[in-house]
1. For the stretch 34-80, which positions are farther than 30 Å from PHE18 by Cα, open to solvent by less than 20 Å² (accessible area, probe 1.4 Å) and of a type outside the set (D, E, K, R)?
2. Let me spell it out: the conditions are (1) in a loop (DSSP other than H, G, I, E, B); (2) closer than 30 Å to VAL176 by Cα, and MET31 meets all of them except one. Which number is the exception?
3. For the condition touching a helix residue (DSSP H, G or I) at 6+ places or on another chain (Cβ under 6 Å) and within 22 Å of GLY38 (Cα to Cα), what is the one hit in ILE189, ILE154?
4. If you take the residues of the stretch 257-303 that are without any contact (Cβ under 8 Å) to a residue 60 or more places away in the chain and polar (S, T, N, Q), which of them is nearest to the ligand (Cβ to nearest atom)?
5. Filter the stretch 85-130 down to the residues that are among the hydrophobic types (A, V, I, L, M, F, W, C) and either modelled with pLDDT under 95 or open to solvent by 20 Å² or more (accessible area, probe 1.4 Å) (or both) and list them by number.
6. Please list, ordered by residue number, the strands (runs of 3 or more DSSP E) wholly in the stretch 131-196 having 2 or more residues that are open to solvent by 40 Å² or more (accessible area, probe 1.4 Å) and of a type in the set (D, E, K, R).
7. Inspect the stretch 208-228 for any residue being of a type in the set (Ser, Thr, Tyr), under 22 Å from LEU30 (Cα atoms), assigned to a loop (DSSP other than H, G, I, E, B) and in contact with a Pro (Cβ under 8 Å, 6 or more places away or on another chain) and give the result as yes or no.
Amino acid sequence: MPVYHSLGTIPKKRHLAFRRPDGGLYAEQLMGNEGFTGPSSLLYHIRPPTTLLSVKKLQELEWEPDDCGGLRHRHFRTARLAEGGSPTLDRVPLLFNADIAMLFARPTVADQHFYRNAQADEVVYVSEGSGVLESVYGDLPYREGDYLLIHRGILHRYRMSPGPQKLLIFESRGYVRTPKRYRNEFGQIVEGAPYSERDFRRPLELETHDETGEFRLIVKQYNALHEHILDHHPFDVVGWDGMFYPWAFNIHDFEPIVGRVHQPPPVHQTFQGDGFVICSFCPRPFDFHPEAVPAPYNHSNVDSDEVLYYASSEFMSRKGIEYGSITHHPDGLPHGPHPGRAEASIGMKETNELAVMMDSFRPLHVAKPAMPIEDPTYQRSWVEGGAAFNPPTS
Ligand SMILES: [Fe+2]
């Protein structure tokens with residue numbers, strides 16, 4: 001949940017005449033969710049944001065589930081996805097349900113268009129790369145390890161720095177926020193939470209573009225992409241204030257909570273959505289009871305699917321996992337440490353793991369484009385010396 005923020009020039013009070021140097025009115029715009037009662041911001045544009053020259057439907061984006069071929073644990077290797085394309089338009093869907101979707105992109109080509117996701121909040125985990133997230137709210141520099149929170153409706157564009165970019169994208173039907181238990185009744189992050197407001201980065205520079213012409217916006221809505229041509233540069237805001245804007249939080253600013261014995265995954269919770277949570281597993285000292293078993297015990301995810309993205313090559317409880325791996329442990333069957341890992345973890349002092357976890361409360365579908373990067377042996381990987389597993393038939 002971001003704090004109140006303001007950039008540029010705004011009038012002393014809301015909804016009063018605020019004039020441009022030429023005497024005309026700036027165009028005031030409220031942006032926020034839940035009608036007029038949720039988090040919102042007021043923006044002041046040189047020109048009205050409504051002057052569209054044309055509208056065209058570009059592409060349907062229906063995601064197809066695979067025929068799972070039997071409920072099982074699954075493993076996908078994002079390192080095998082091809083590099084290329086746009087950070088907003090060339091995203092490979094991997095897992096999805098009605099609440100949350102996970103996609104992956106390895107973009108190489110900067111967008112010329114501006115992008116707005118009108119149907120989902122986006123949490124973009126920057127696994128590799130850096131740059132600047134440009135938006136109508138100003139510039140927000142990003143770097144490796146950042147979660148970028150781009151709430152629905154925010155027009156933006158990635159200005160990528162040279163070098164590889166790997167983006168893990170979550171699309172959330174609901175508003176993504178900090179967990180309620182981390183906030184007091186006044187909205188402030190409480191002592192004991194794994195981060196504080198100082199760790200949230202906000203747009204810091206507002207550049208106002210006073211240009212007319214034809215500017216291409218691509219809007220995602222109704223599971224489709226739509227092209228809008230605006231008659232002026234959309235980043236023409238001279239000032240704004242409020243609590244609805246894109247923000248960033250770096251995974252290395254997450255302060256892990258540790259204990260004498262194994263702490264359950266909720267201590268790693270970072271964000272809350274509707275129907276899912278996102279957690280960060282960061283380098284930390286292990287449990288310090290002399291007989292503690294730091295490896296996680298076997299557990300059944302009753303009422304949730306568990307997805308882990310391995311953001312570094314080291315993760316204690318798995319074999320055969322690589323940087324960029326995604327494991328999916330669905331509701332309906334237990335999972336736990338691989339053979340020998342529980343014993344091996346006893347006495348270990350620390351872990352250097354780095355992983356992003358998403359737990360969904362409703363079952364996830366595997367999207368068909370994830371099938372070519374699936375490791376079909378994963379399902380039998382808990383069987384010591386296990387024989388090769390027959391690949392899925394779907
Ligand atoms: Fe688990």
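The values are calculated or read from the model by the stated rules, or taken from the named source; none is laboratory data. The structure displayed is predicted, hence computed values, not measured ones. Positions of Cβ are generated from backbone atoms using ideal geometry, with glycine treated the same way; all protein chains shown enter the neighbour counts. These accessible areas exclude ligands, DNA and RNA; they are computed on the full protein's heavy atoms, side chains included. Shrake-Rupley method; radii C 1.70, N 1.55, O 1.52, S 1.80 Å.
1. HIS73, HIS75, PHE76, THR78
2. The one condition MET31 does not meet is (1).
3. Exactly one of ILE189, ILE154 is touching a helix residue (DSSP H, G or I) at 6+ places or on another chain (Cβ under 6 Å) and within 22 Å of GLY38 (Cα to Cα), namely ILE189.
4. First, the residues of the stretch 257-303 that are without any contact (Cβ under 8 Å) to a residue 60 or more places away in the chain: 258-264, 266, 287-303.
Filter once more, so that each one left must be polar (S, T, N, Q): 263, 298, 300-301.
Details: GLN263: 13, ASN298: 9, SER300: 9, ASN301: 6 Å.
So, considering only residues that are without any contact (Cβ under 8 Å) to a residue 60 or more places away in the chain and polar (S, T, N, Q), the one nearest to the ligand (Cβ to nearest atom) is ASN301.
5. Once the filter is applied, which keeps residues that are among the hydrophobic types (A, V, I, L, M, F, W, C) and either modelled with pLDDT under 95 or open to solvent by 20 Å² or more (accessible area, probe 1.4 Å) (or both), the stretch 85-130 yields LEU89, VAL92, PHE96, ALA98, VAL109, ALA110, ALA118.
6. 156-160
7. Initial filter on the stretch 208-228 (of a type in the set (Ser, Thr, Tyr)): 208, 212, 222.
This time we only want the ones that are under 22 Å from LEU30 (Cα atoms), so: 208.
Checking which are assigned to a loop (DSSP other than H, G, I, E, B) leaves us with 208.
Now restrict to residues that are in contact with a Pro (Cβ under 8 Å, 6 or more places away or on another chain): none.
Checked the stretch 208-228: no residue is of a type in the set (Ser, Thr, Tyr), under 22 Å from LEU30 (Cα atoms), assigned to a loop (DSSP other than H, G, I, E, B) and in contact with a Pro (Cβ under 8 Å, 6 or more places away or on another chain).
Yes/no per residue for (1) modelled with pLDDT of 95 or more; (2) crowded, with 17+ Cβ neighbours inside 10 Å; (3) on the phi < 0 side of the Ramachandran plot; (4) not small (Gly, Ala, Ser):
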| position | (1), (2), (3), (4) |
| --- | --- |
| ALA248 | yes, yes, yes, no |
| PHE254 | yes, yes, yes, yes |
| VAL267 | yes, no, yes, yes |
| ASP274 | yes, no, yes, yes |
| ILE278 | yes, yes, yes, yes |
| HIS289 | yes, no, yes, yes |
| ASP303 | no, no, no, yes |
| SER313 | no, no, yes, no |
| SER317 | no, yes, yes, no |
